[in-house]
1. Identify, by number, the condition in (1) more than 20 Å from G91 (Cα to Cα); (2) in contact (Cβ under 8 Å) with a residue 60 or more places away in the chain that K203 doesn't meet.
2. If you check every pair at least six apart or on different chains, which have Cβ atoms under 8 Å apart with a residue in segment 55-73 that is in the same structural domain as I13 (by TED's automatic domain parsing) and away from the ligand (no atom under 13 Å from the Cβ) first and a residue that is hydrophobic (A, V, I, L, M, F, W, C) and part of a loop (DSSP other than H, G, I, E, B) second?
3. Kindly indicate whether L51 is among the hydrophobic types (A, V, I, L, M, F, W, C), touching a Gly at 6+ places or on another chain (Cβ under 6 Å), modelled with pLDDT of 95 or more and surrounded by 15 or more Cβ atoms within 10 Å (Cβ to Cβ).
4. Name the residue, out of P121, P103, that is within 16 Å of the ligand (Cβ to nearest atom), modelled with pLDDT under 85 and assigned to a loop (DSSP other than H, G, I, E, B).
5. Return only the number of the condition from (1) under 18 Å from A90 (Cα atoms); (2) within 15 Å of the ligand (Cβ to nearest atom); (3) of a type in the set (K, R) that R12 does not satisfy.
6. Could you tell me how many of the residues in segment 10-37 are in contact with a Gly (Cβ under 9 Å, 6 or more places away or on another chain) and of a type in the set (S, T, N, Q)?
7. Hey, can you tell me all the residues within segment 15-48 that are surrounded by fewer than 18 Cβ atoms within 10 Å (Cβ to Cβ), within 16 Å of the ligand (Cβ to nearest atom) and within 20 Å of H71 (Cα to Cα)?
Amino acid sequence: MNRVLIAEDEERIARFVAKGLRANGYTVTVVGDGISALDHALSGGYDLVVLDIGLPGRDGYGVLRELRSAHIAIPVIILTARDGVRDTVAGLEGGADDYVTKPFRFEELLARIRLRLRTAPGAVAEPTLLAVDGLSLDLRTRRALTDERTVDLSAREFALLEMLLRHPGQVLSREQMLDHVWGFDFDPGSNIVDVYIRQLRRKIGADKITTVRGMGYRCG
Ligand code: CA
């Protein structure tokens, strides 16, 4: 559980991170572009990826999307100079486990890496399955299981369903879901939440999500 892939095109930062990690007993490989990052990460030879967003070839979001759509559950920590809420939310919803904003202290990154490797699939027992009333969500494969059927979800559908299942029996408002899943720059009058709820219901069964009129939605 100590093989780290660093995808970072700024040599100074890559060297600094690689050196620090090696000094802490990690096996480190550095790549400087998105295509190599994806190739390496898909190889299965790593336990964690430190992924810069601004990479040549393929940016970090593209790499992350490919990884998650290939159902590769390896923990990914994003390195980003862009500290806007929107980018952070996009990164986490794209399937990143955590992010660190440049400039950062090495200790800060190391703490995140240690935490993620401790909670990585196969490491220990953070719950990886959320289950409510015959519906379950696998947090590693990011797929839902309902009535013995496995259902693939988009990143936003997953985020929405995860939020509902983490609050079983509780009514969540459209505003809460907008904030959590889409970020703060969405028009509160938008009906995007309802659109996604409809999509989810088509996939997992209409009865799995209850509408609470004038308030929002709940599972369980
Ligand atoms: Ca960069």
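The values are calculated or read from the model by the stated rules, or taken from the named source; none is laboratory data. Note that the coordinates shown come from a computational prediction; the quantities given were computed from them, not determined experimentally. When we count neighbours, we look across all protein chains shown, and the Cβ atoms used for this are built from the backbone with ideal geometry, even at glycine.
1. Going through the list (1) more than 20 Å from G91 (Cα to Cα); (2) in contact (Cβ under 8 Å) with a residue 60 or more places away in the chain, K203 breaks only (2).
2. L64/A96; L67/I74
3. yes
4. P103
5. Condition not satisfied by R12: (1).
6. 2
7. Scanning segment 15-48 gives a single hit, I35.
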